[in-house]
Amino acid sequence: MECSGILFIFADLQGLREDDILPKAATSRKPEKRANLTSAKGNGKASKGTATSAAFRDVEEAIKEYEDRKASQLRAIKTTDKKVLREMLYQMVLGRHFEEKCAEVYRMGKIGGFCHLYIGQEAIGVGSMTALEPSDMVITSYRDHVQAMVKGLSPESVMAELYGKEGGCVKGKGGSMHMFSKEHEFFGGHGIVGGQIGVATGMAYAAKYKNTGQVVLCFFGEAAVNQGIFHESLNMAELWGLPCIYICENNRYGMGTSQERAMSASSIARKAGSYEMANEFVDGMDVMAVRAATLRAIERARNESRPTLLEIRAYRYMGHSMSDPGNYRTREEIQKYQERDPIVLFKDSLKEAKVLSDKDFEQIEREAIEATDRALKFADESPFPDESELLTDVYA
């Protein structure tokens, strides 16, 4: 099931069915017809009967959705500054190259511990965070490398942190899961599922109390929605009128468990209706739809001091972490979603809109590769922290 990008305010939800509001898919190319599409349950067996399932729809419908999504993206591109569009594409391409290189050096043993990659979800971080002011605050979960770079942390400082090196953004003590930068108002990087949601609510309360004008963006996965802190935070944020935007990055799997097996209600956005909070479904494969939805939420937060819940549906191509073999999904399922790749869709739209040329695309690709190579070189050459630093800045 995909998202349509339709705005949901609580008063508008009455009488709508799930099929009325689910997002439209963004495909990178028109899919070819296949005799059998495999089951969404990831059991490796071909589905019987029709070619549609909870994960896949009719091919002709997917082609139509591709054209609809592209048309919508083209309209948004026409009203957006060219420099912003170029930066958005660069950040998405950089994020993809950076994470692919992380997977490579992890297998070489240069990155230790857990490592959760963002491949496939770039449109969410880039689309939402490029809508922020530099002073706005961001807090996220452990899938944080790309988001840290979009917020302003250098690729060098992020890669060095992954290596556990002194040149990392927290001097090698945080590793993959705990990126921080007070300078850039980026507050992690949290390993406890849903733990950052309560912290974000407190950050938004502080911003309102001090009248700083800041907005808080809080990212979390769909598995965190089942935690009590999610519901407590949404209730408090709406009750107190806090400038917090809660972004559920719904990539369909909490570790190896599909959303269908873990959640009785398929619509996460609708859960905000219990607290009369503004909420919206967004197609997480469409960077322009993500940006537009975030801009609406920012306006609500900054000018009305009201929170918003965004459910942004995408699909992670990699496993939950580098240690996840992904046996709960079929290769066909992953390939099907790769046909809707958010970077390819955005590049196709920019090309059709004549915003960027083939030379521009080549230059962006080159810049992203060079930035990733510089980050690797810096991380390799950066020393490990001295033993005397072991307990520095440790408070618990």
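Scan (1) within 25 Å of Glu87 (Cβ to Cβ); (2) in contact (Cβ under 8 Å) with a residue 60 or more places away in the chain; (3) outside any strand (DSSP E or B) for the single condition Ile245 breaks and write down its number.
Going through (1) within 25 Å of Glu87 (Cβ to Cβ); (2) in contact (Cβ under 8 Å) with a residue 60 or more places away in the chain; (3) outside any strand (DSSP E or B) one by one, Ile245 breaks only (3).
From the list Arg291, Arg296, pick out the single residue that is out of contact with any helix residue (DSSP H, G or I) (no Cβ under 6 Å at 6 or more places or on another chain), at pLDDT 95 or above and basic (Lys, Arg). Give the steps one after another, and end with the answer.
Numbers: Arg291 fails: out of contact with any helix residue (DSSP H, G or I) (no Cβ under 6 Å at 6 or more places or on another chain).
The match here is Arg296.
Regarding region 343-357, can at least one residue be identified that is in contact (Cβ under 8 Å) with a residue 12 or more places away in the chain, under 20 Å from Phe98 (Cβ atoms) and surrounded by fewer than 17 Cβ atoms within 10 Å (Cβ to Cβ)?
yes
Could you grab me the full set of residues in region 369-380 that are charged (D, E, K, R) and in contact (Cβ under 8 Å) with a residue 60 or more places away in the chain? Please lay out each step first, then the result.
From region 369-380, those charged (D, E, K, R) are 370, 373-374, 377, 380; that's our starting set.
Once the filter is applied, which keeps residues that are charged (D, E, K, R) and in contact (Cβ under 8 Å) with a residue 60 or more places away in the chain, region 369-380 yields Arg374, Asp380.
With the structure loaded, tell me whether Val84 is assigned to a helix (DSSP H, G or I) and within 28 Å of Tyr253 (Cα to Cα) or whether it fails that test. So that I can check it myself, show each step before the final result.
On the way: assigned to a helix (DSSP H, G or I): yes; within 28 Å of Tyr253 (Cα to Cα): no.
When the stated conditions are applied, Val84 does not pass them.
Hey, could you check region 200-220 for residues that are in a loop (DSSP other than H, G, I, E, B) and β-branched (Val, Ile, Thr) and say which is surrounded by the fewest Cβ atoms within 10 Å (Cβ to Cβ)? It would help to see each step written out before you state the result.
Step one: of region 200-220, the residues in a loop (DSSP other than H, G, I, E, B) are 211-215.
Going one step further and asking which of them are β-branched (Val, Ile, Thr), we end up with 212, 215.
Working: Thr212: 13, Val215: 27.
Among residues in region 200-220 that are in a loop (DSSP other than H, G, I, E, B) and β-branched (Val, Ile, Thr), the one surrounded by the fewest Cβ atoms within 10 Å (Cβ to Cβ) is Thr212.
Scanning for something surrounded by 20 or more Cβ atoms within 10 Å (Cβ to Cβ) and free of Cβ contacts under 8 Å to residues at least 24 places away in the same chain, does region 168-177 turn up at least one residue?
yes
Have a look at Met149, Met179 and point out the one that is closer than 21 Å to Arg86 by Cβ, among the hydrophobic types (A, V, I, L, M, F, W, C) and either in a helix (DSSP H, G or I) or touching an Asp or Glu at 6+ places or on another chain (Cβ under 7 Å) (or both).
Numbers: Met179 fails: closer than 21 Å to Arg86 by Cβ.
Exactly one of Met149, Met179 is closer than 21 Å to Arg86 by Cβ, among the hydrophobic types (A, V, I, L, M, F, W, C) and either in a helix (DSSP H, G or I) or touching an Asp or Glu at 6+ places or on another chain (Cβ under 7 Å) (or both), namely Met149.
Keeping to region 182-199, report how many residues are in contact with a helix residue (DSSP H, G or I) (Cβ under 8 Å, 6 or more places away or on another chain) and outside any loop (DSSP other than H, G, I, E, B).
Of the residues in region 182-199, 4 are in contact with a helix residue (DSSP H, G or I) (Cβ under 8 Å, 6 or more places away or on another chain) and outside any loop (DSSP other than H, G, I, E, B).
Counting just the residues of region 97-118 that are in contact with a helix residue (DSSP H, G or I) (Cβ under 6 Å, 6 or more places away or on another chain) and closer than 16 Å to Glu365 by Cβ, which one comes out surrounded by the most Cβ atoms within 10 Å (Cβ to Cβ)?
Looking at residues that are in contact with a helix residue (DSSP H, G or I) (Cβ under 6 Å, 6 or more places away or on another chain) and closer than 16 Å to Glu365 by Cβ, I get Phe98.
I'd like to check something: does region 244-260 contain any residue that is in contact with a helix residue (DSSP H, G or I) (Cβ under 9 Å, 6 or more places away or on another chain), at pLDDT 90 or above, surrounded by fewer than 24 Cβ atoms within 10 Å (Cβ to Cβ) and not aliphatic (A, V, I, L, M)? Please lay out each step first, then the result.
Within region 244-260, the subset in contact with a helix residue (DSSP H, G or I) (Cβ under 9 Å, 6 or more places away or on another chain) is 244-255, 257, 259.
With the extra rule that they be at pLDDT 90 or above, the set shrinks to 244-250.
Pick out the ones that are also surrounded by fewer than 24 Cβ atoms within 10 Å (Cβ to Cβ) and you get none.
Scanning region 244-260, I find no residue that is in contact with a helix residue (DSSP H, G or I) (Cβ under 9 Å, 6 or more places away or on another chain), at pLDDT 90 or above, surrounded by fewer than 24 Cβ atoms within 10 Å (Cβ to Cβ) and not aliphatic (A, V, I, L, M), so the answer is no.
Cβ-Cβ under 7 Å, sequence separation 6+ or interchain: first residue in region 97-112 and assigned to a helix (DSSP H, G or I), partner surrounded by fewer than 17 Cβ atoms within 10 Å (Cβ to Cβ) and of a type outside the set (Lys, Arg). Which pairs?
So the pair list comes out as His97/Ile369.
Restricting attention to region 65-88, does a residue exist that is modelled with pLDDT of 95 or more and touching a Lys or Arg at 6+ places or on another chain (Cβ under 7 Å)?
For region 65-88, residues modelled with pLDDT of 95 or more and touching a Lys or Arg at 6+ places or on another chain (Cβ under 7 Å): absent.
So which of Ala223, Ala160 ends up being surrounded by 21 or more Cβ atoms within 10 Å (Cβ to Cβ), under 21 Å from Ser321 (Cα atoms), in contact with a helix residue (DSSP H, G or I) (Cβ under 9 Å, 6 or more places away or on another chain) and modelled with pLDDT of 95 or more?
Details: Ala223 fails: modelled with pLDDT of 95 or more.
None of the other options fit; the residue is Ala160.
Being out of contact with any Lys or Arg (no Cβ under 8 Å at 6 or more places or on another chain) and of a type outside the set (Val, Ile, Thr) is true for just one of Gly188, Gly213. Which residue is that? Can you show your working first?
Working: Gly213 fails: out of contact with any Lys or Arg (no Cβ under 8 Å at 6 or more places or on another chain).
The match here is Gly188.
Hey, could you check region 289-331 for residues that are over 18 Å from Ser135 (Cα atoms) and of a type in the set (Gly, Ala, Ser) and say which is surrounded by the fewest Cβ atoms within 10 Å (Cβ to Cβ)?
Top of the filtered list is Ser323.
The values are calculated or read from the model by the stated rules, or taken from the named source; none is laboratory data. Here the structure is a predicted model, which is why all the values come from computation and not from measurement. All Cβ positions, even for glycine, are placed from backbone atoms using ideal geometry, and neighbour counts span all protein chains on display.
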